[in-house]
Every structure is written in C-alpha cells, then in structure tokens.
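Trainee: Before anything else, here's the structure in question.
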Amino acid sequence: MHPVLFSVFGYPVHTYAAAIATAFVLTVWMAAREAPRFGLDREMILDLCWWLLVMGLVGSRLAFILTSWDQYYYACTDIAEYNRIVPDSPIDTRDCLLLLKFWNGGLVFYGAAIGSLITLFVFMRREKQPALPVADLVIAYLPLGQFFGRLGCLGAGCCFGKPTDAAVGITFPKFTMAWNQHIAEGLIDRHAEHSALVHPTQIYDSLTGLLLFAALMWLRKRKTYDGQVLVGWLVLYPVTRSLNELFRGDLDRKFLTEIVIDPLNTLLGLAPGSVTFLSTSQFISLLVASTGLALWLKLRASR
C-alpha cells in the first residue's frame with residue numbers, strides 16, 4: 001500500500017484522492033469527446049459531469065457516514081473511544097470536521113453511483129431532454145471510476161480481503177487497518193511486521209471494472225433502444241459486486257444479517273464459518289439489480 005502518492009510544498013497528495021481525480025478527468029474527457037457522435041451537446045455533457053462529480057462525492061460520503069456514524073460522533077466527542085474503534089488512524093485532538101475529509105478515504109461506490117444517477121435524471125428533466133440516451137453515454141464510463149477507485153483503496157489499505165493461503169494473497173504493513181484487525185482476531189501477534197495474507201479484493205474489483213467497461217462499450221455500440229446500456233450496468237455491476245463481497249474481510253462494511261454457507265466457503269477456499277451473506281452492499285445490489293430488471297421490462301414493453 002502507498003497512502004500518500006507524493007507531496008507538494010509539504011502538503012501530501014493522497015493516493016485515494018489522486019485515483020478519484022484521475023478517474024473523473026478521464027471519464028469526463030471521454031464522455032465529452034463521444035457526445036457529438038450520439039447527437040448530444042458537448043457543453044451540456046460537461047455541465048452535467050460537473051454536477052455528477054459534486055453529487056457523486058456527496059452521495060458516496062453520505063453513504064459512508066450513515067454506515068460508520070460512530071467514528072465521526074466519537075471523533076468530535078470522545079477521543080479515547082474513537083481511537084479504540086479506529087486504532088489505525090488515531091487522533092490526539094477532537095475533530096468535528098472529520099466527516100468532511102473525504103480525501104482521507106471513506107467513500108462508498110454505491111453512494112456515488114446512486115447519487116450520480118439521480119442527479120443525471122434531475123438535470124435532464126431541467127433541460128427538458130430525454131435522460132436515457134445521456135445515461136447510456138455516461139454510465140459506460142462509470143466502471144473506469146471503479147477501476148481507479150479500487151486502486152486508490154489498495155493504496156489506502158482499506159476494503160481488504162479475507163485471510164487466504166492462495167498464491168494471490170497479499171499482506172499489508174504494520175499499523176494498517178488489516179494489521180490491526182488481524183491482531184484483534186488473533187491471526188498475528190504485535191511483533192508481526194505485516195498482516196496475514198489476504199485476498200486482494202481491491203484488485204479483484206478493479207479488474208472487474210475494466211471487464212465491465214469493455215462489456216458496456218460493446219453493448220453501447222450494438223444497443224437497439226435507449227436505456228439498454230443503463231440496464232446493463234444496473235444488472236451486471238450488482239452481480240460482480242456481490243461476488244467480490246464474498247472475499248471481503250474488512251470490518252468497515254456492515255451486515256444486515258450474517259448467513260454462513262460453509263459449502264460455498266469450501267468451494268471458494270474461504271475459512272469455515274466465514275460470513276457469506278448479507279452485507280449492506282449485497283443488499284443494495286439486490287435492490288439495484290431489481291431496479292435494472294424492472295426498467296428492462298418497462299422498456300421492452302414500451303417498444
């Protein structure tokens with residue numbers, strides 16, 4: 001991991017923030033370049049993308065705050081309790097503005113995606129133009145945000161996987177989130193220089209983003225009705241996200257209920273007793289995929 005990419009005049013440039021910025025600049029450039037080919041106004045797309053960035057950050061941050069409210073509450077009210085529940089990022093003074101510091105991490109991809117989609121439809125309604133053609137253009141580039149964002153997660157050391165003995169396993173250095181969690185779970189002792197081997201779930205999700213990007217670009221070239229690419233993302237991403245959640249091991253993600261399916265754990269090479277379902281992201285995936293299927297049925301009927 002490499003949480004700080006470089007410094008400018010003594011100010012650190014965090015890898016996570018740099019990854020998000022790279023994703024935004026690249027996707028906006030590609031969307032604006034392709035807009036005329038789809039009969040869309042380039043300036044309108046640039047204006048839209050600005051609002052997608054703002055509301056995407058707001059949505060992703062709100063989603064994280066809602067699922068990790070105790071961190072921000074204790075950062076402002078009880079330093080000792082905050083340092084107990086977040087040992088990898090201790091503070092020595094109260095920080096009531098911590099919830100605004102998104103560049104330190106703490107963004108939820110689903111929050112960004114949902115916030116951006118809502119913004120897109122509101123924006124196009126204001127412009128009095130159909131939203132589905134624009135959604136098909138923009139949504140195809142969303143997996144690039146996933147690709148760069150998860151590389152940022154790898155640099156920050158968050159969203160790590162469950163322990164594994166597989167050759168693909170990676171470790172994280174001392175005092176990181178994985179190292180602290182593995183000490184608490186008794187997997188390593190305090191003299192260990194690295195965490196236990198874990199699944200590189202950030203890399204899994206990042207590579208999945210590239211595959212999904214390729215699939216949506218292929219679909220966009222062959223689409224037969226407006227909204228088809230949007231439906232593709234609404235159905236395909238939840239499937240890949242839910243599968244990746246099976247390998248996630250960080251405690252930052254929350255569970256609505258804990259269901260263990262040991263035959264599946266054995267098949268996937270996971271430890272017996274490992275929780276299989278239902279994380280918050282898996283639950284949201286069910287809702288998003290159901291929305292995609294409902295939209296597909298509606299669009300098919302309207303054709």
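Trainee: Pairs please, first residue from the range 23-40 and under 12 Å from residue 138 (Cβ atoms), second anywhere and of a type in the set (Lys, Arg) and surrounded by 13 or more Cβ atoms within 10 Å (Cβ to Cβ), Cβ atoms under 6 Å, 6+ apart in sequence or on different chains.
Mentor: 32/42; 35/42
Trainee: Is at least one residue of the range 172-184 touching a Ser or Thr at 6+ places or on another chain (Cβ under 9 Å), more than 26 Å from residue 238 (Cβ to Cβ), among the charged types (D, E, K, R) and assigned to a loop (DSSP other than H, G, I, E, B)?
Mentor: The answer is yes; a qualifying residue exists.
Trainee: So is residue 150 charged (D, E, K, R), within 22 Å of residue 251 (Cβ to Cβ) and assigned to a loop (DSSP other than H, G, I, E, B) or not?
Mentor: In short, no.
Trainee: Anything in the range 5-27 that is of a type in the set (Val, Ile, Thr) and assigned to a strand (DSSP E or B)? List them, or say none.
Mentor: Listed by number, the residues that qualify are 8, 13.
Trainee: Let me ask something additional. Quick test of your reading of the structure: residue 226 fulfils all but one of (1) part of a loop (DSSP other than H, G, I, E, B); (2) free of Cβ contacts under 8 Å to residues at least 60 places away in the same chain; (3) within 30 Å of residue 134 (Cα to Cα). Name the failing condition by number.
Mentor: Result: residue 226 fails condition (2) only.
Trainee: Is it the case that residue 118 is in a helix (DSSP H, G or I), loosely packed, with under 14 Cβ neighbours inside 10 Å and touching a residue at least 40 places away in the same chain (Cβ under 8 Å)?
Mentor: So residue 118 passes the test.
Trainee: Continuing with this model, one more query. All but one of (1) among the β-branched types (Val, Ile, Thr); (2) in contact with a helix residue (DSSP H, G or I) (Cβ under 9 Å, 6 or more places away or on another chain); (3) surrounded by fewer than 18 Cβ atoms within 10 Å (Cβ to Cβ) hold for residue 231; which doesn't?
Mentor: Against the list (1) among the β-branched types (Val, Ile, Thr); (2) in contact with a helix residue (DSSP H, G or I) (Cβ under 9 Å, 6 or more places away or on another chain); (3) surrounded by fewer than 18 Cβ atoms within 10 Å (Cβ to Cβ), residue 231 comes up short only on (3).
Trainee: Sticking with this structure for a sec: Here are 167, 184, 192, 178: which of them is among the small types (Gly, Ala, Ser), in contact with an Asp or Glu (Cβ under 8 Å, 6 or more places away or on another chain) and farther than 30 Å from residue 32 by Cα?
Mentor: Answer to the selection: 178.
Trainee: So residue 196 clears everything in (1) assigned to a helix (DSSP H, G or I); (2) under 20 Å from residue 167 (Cα atoms); (3) among the hydrophobic types (A, V, I, L, M, F, W, C); (4) touching a Leu at 6+ places or on another chain (Cβ under 8 Å) except one condition, right? Which one?
Mentor: Only one criterion is unmet by residue 196, namely (1).
Trainee: From the list 87, 143, 130, pick out the single residue that is in contact (Cβ under 8 Å) with a residue 60 or more places away in the chain, within 30 Å of residue 41 (Cα to Cα) and assigned to a loop (DSSP other than H, G, I, E, B).
Mentor: Exactly one of 87, 143, 130 is in contact (Cβ under 8 Å) with a residue 60 or more places away in the chain, within 30 Å of residue 41 (Cα to Cα) and assigned to a loop (DSSP other than H, G, I, E, B), namely 130.
Trainee: Output yes when any residue across the range 127-143 is modelled with pLDDT under 85 and farther than 15 Å from residue 230 by Cβ, and no when none is.
Mentor: no
Trainee: Okay, next question. Would you check if residue 275 is more than 19 Å from residue 291 (Cβ to Cβ), buried (at least 18 other Cβ atoms within 10 Å of the Cβ) and among the β-branched types (Val, Ile, Thr)?
Mentor: Yes: the conditions hold for residue 275.
Trainee: Can I ask one more? Return the total of residues in the range 236-264 being assigned to a helix (DSSP H, G or I), surrounded by 17 or more Cβ atoms within 10 Å (Cβ to Cβ) and hydrophobic (A, V, I, L, M, F, W, C).
Mentor: 1
The values are calculated or read from the model by the stated rules, or taken from the named source; none is laboratory data. Note that the coordinates shown come from a computational prediction; the quantities given were computed from them, not determined experimentally. With ideal geometry, Cβ positions are generated from the backbone for all residues, glycine too; neighbour counts draw on all protein chains shown.
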